[in-house]
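Nothing in this text is a laboratory measurement; each read-out follows from the coordinates by a stated rule. Here the structure is a predicted model, which is why all the values come from computation and not from measurement. Ideal geometry is used to build each Cβ from the backbone, glycine not excepted, and the neighbour counts take in all protein chains shown.
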Amino acid sequence: MRNFHTPGRSEVLATEGMCATSHPLAAKVAVDILAQGGNAMDAAIAGAVLLGICEPQMTGLGGDCFVLYNRAGEDQVRALNGSGRAPAAADAEKLRAQGLTTVPLNTADAVTVPGAIDAFCHLAETEGKLGLDAILHPTIHYAESGVPVAPRVALDWKIGAATLQGSARTQYLINDTAPEVGQIFRSPGQAEVLRQIARNGRDAFYSGDIADDMIAALTQLGGTHTAEDFLATACTETQPVIGNYNGLELVEHPPNGQGATAILLLNILKNFDLASMDPFGAERLHLEAEASKLAYDARNRFIADPDHTTHTDRFTDQDVADRLAALIDPKRAMPAAAPLTEAIHKDTVYITVVDRDRMAVSLIYSIFHSFGSGIASEKYGILLQNRGAGFTLQSGHPNELGGGKRPMHTIIPGLLKQNGRVLMPFGVMGGAYQPTGHARFVSNLIDHKLGLQANIDAPRAFADNGILKLERGISPSTTQQLCDFGHIVERPETPLGGAQAIRIYEDGILQGASDPRKDGIALGY
């Protein structure tokens with residue numbers, strides 16, 4: 001039980017259904033959908049789409065998604081890949097010839113075709129109950145009438161505003177300035193897009209006037225995207241990848257997401273007695289940082305479009321993890337295992353919903369960097385992701401930019417099972433941090449017996465490209481010890497990610513928690 005003398009929040013308890021996400025309006029909409037007779041999939045999609053209006057710097061209709069879920073009465077976890085592809089004419093050699101070594105973030109070359117809308121429409125039809133009209137109605141309302149900008153959103157908006165270019169500045173700034181807390185943000189163009197999708201399904205987005213609007217914005221900036229590229233967009237049903245950590249099954253989305261990295265990271269950490277260590281002490285943080293360097297090096301070498309990925313079995317092979325663990329010096333930091341070859345950042349939203357029939361949905365939805373590419377379609381104001389910056393320009397690499405390929409993705413939904421039963425959908429936002437965040441969440445739960453909210457509240461550290469980023473909750477004495485181990489320590493401008501989780505108890509109780517680093521809540525009924 002938490003200390004009620006100190007600031008904090010309690011877990012939310014309910015029985016009929018629950019949502020945990022990063023904005024209160026989205027959580028409320030999701031619970032309303034459940035109360036109307038919708039299931040967890042209906043509610044998750046409704047809440048996720050609204051997050052694109054409440055947190056447009058994080059996500060939107062021009063982004064991608066990954067989903068893990070089970071059907072009512074089943075413990076089998078299913079996965080859906082809703083990530084889009086590079087245009088057919090994408091050419092790494094063309095960029096290399098310009099002297100580039102990475103895909104430029106704020107250019108049409110970084111824009112992959114949005115995949116989330118195709119995935120949402122597919123899931124609404126195959127897994128939902130209410131249909132697109134009911135699911136999208138709340139966001140249509142809020143896009144037209146507007147939402148007051150929340151405090152964390154206002155902070156991120158101000159930081160990311162410089163990314164916006166052309167018509168995006170008109171669509172997402174007020175008098176050419178980022179909105180302040182409480183100012184109303186509206187997007188009537190997106191309301192019309194959603195109205196057309198509600199009437200005509202995914203084809204309304206991927207063909208005709210809406211697709212033409214996105215293609216025109218990209219063509220004007222030298223993009224090679226065509227109507228055929230948009231029409232060809234299709235989500236993919238796939239099989240999760242599963243690891244085991246001290247009695248818990250960690251279920252992750254397979255490549256092109258980076259979820260397998262979290263499994264490898266935990267397999268490395270099994271070699272150390274984390275339970276005997278201070279969860280916020282230098283010894284534990286050091287081991288986590290070193291294991292992260294090794295696991296991320298494997299990610300950068302191997303994770304790519306599933307049609308091009310090799311050696312994915314290494315991520316679940318305990319022998320490989322044991323050999324990597326042997327490289328770790330418990331008292332000395334190694335240099336970065338390898339320089340990162342992909343551009344990685346931190347902007348994502350996550351939503352989890354559990355319904356009365358115990359269907360659980362773990363859904364993550366993103367436009368990658370803050371405000372994505374910064375490019376928006378002129379008529380409808382659809383911000384376009386820059387997921388193409390997740391490709392490498394290294395010739396012959398499995399994740400090399402190429403026509404029709406999906407890039408390596410940082411976004412990963414998570415789900416825990418125990419004794420074969422779905423126990424907890426969860427997610428940790430934060431771009432590259434997410435595998436470390438998943439591993440830390442699982443270890444805190446199992447090794448240190450932290451409650452759900454205390455686990456999410458706990459201070460975080462992240463070894464990122466030669467720098468050990470420490471949140472301000474890490475004590476000065478621990479920080480000094482880490483410096484003595486040889487780490488280069490930095491306090492990041494914003495906290496490391498965010499998180500939400502819902503625990504499903506066998507007695508019928510749902511327990512939800514949401515990260516105070518964001519504006520959101522867990523809400524049940």
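When +1 charges are put on Lys and Arg Cβ atoms and -1 charges on Asp and Glu Cβ atoms, the dipole computed for the chain relative to its Cα centre reaches about 780 debye. Candidates 210, 262, 153 compared by Cα position along the dipole of the chain: farthest toward the positive end lies 153, with charges placed on Cβ.
In this label model, residue 313 and residue 326 are separated by 2.0 nm, measuring between points 7 Å along each Cα→Cβ vector. Taken about its Cα centre, the stretch 383-463 carries a charge dipole of roughly 180 debye when the Cβ of each Lys and Arg holds +1 and the Cβ of each Asp and Glu holds -1. Positive end of the dipole of the stretch 66-214 (Cβ unit charges, origin at the Cα centre): among 69, 100, 178, the Cα lying farthest that way belongs to 178. Across the stretch 377-436, counting alpha-carbon atoms alone, Rg and Dmax equal 16.7, 52 Å. Between residue 278 and residue 1, the modelled label-to-label distance comes to 2.7 nm, taking each label 7 Å out from Cα in the direction of the beta carbon. Comparing Cα centroids, the stretch 81-156 and the stretch 392-425 end up 16 angstrom apart.
Note: relative contact order over the chain, using C-alpha pairs below 8 Å and six or more positions apart, is 26 percent.
As a proxy for reagent exposure, 64, 91 were ordered by neighbouring Cβ count within 10 angstrom, fewest first; the result is 91, 64. The residues 446, 184, 502, 521, when put in order of fewest to most other Cβ atoms within 10 Å, stand as 184, 446, 521, 502.
If you take all other residues with their beta carbon under 13 Å from the beta carbon of residue 384, and give Lys and Arg +1 and Asp and Glu -1, the sum is -4. Separation of the alpha carbons by more than 27 angstrom is noted, of 331/449; 331/417; 94/379, for 331/417; 94/379. In this calculation the C-beta distance from residue 9 to residue 199 is compared with R0 = 45 Å, giving a FRET efficiency of 0.65.
Prolate is the label for the stretch 437-524, because the ratio a/c of its alpha-carbon gyration tensor axes (a ≥ b ≥ c) is 1.5 or higher and a/b is greater than b/c. Charge dipole of the stretch 108-220 (Cα centre as origin; +1 on each Lys and Arg Cβ, -1 on each Asp and Glu Cβ, all else neutral): 340 debye, rounded to the nearest 20. Ordered from longest to shortest, the equivalent ellipsoid semi-axes for the chain are 33, 28, 22 Å, each the square root of 5 times a Cα gyration tensor eigenvalue.
FRET efficiency for the pair residue 472 and residue 16, taken as 1/(1 + (r/R0)^6) with r the Cβ-Cβ distance and R0 = 56 Å, rounds to 0.90.
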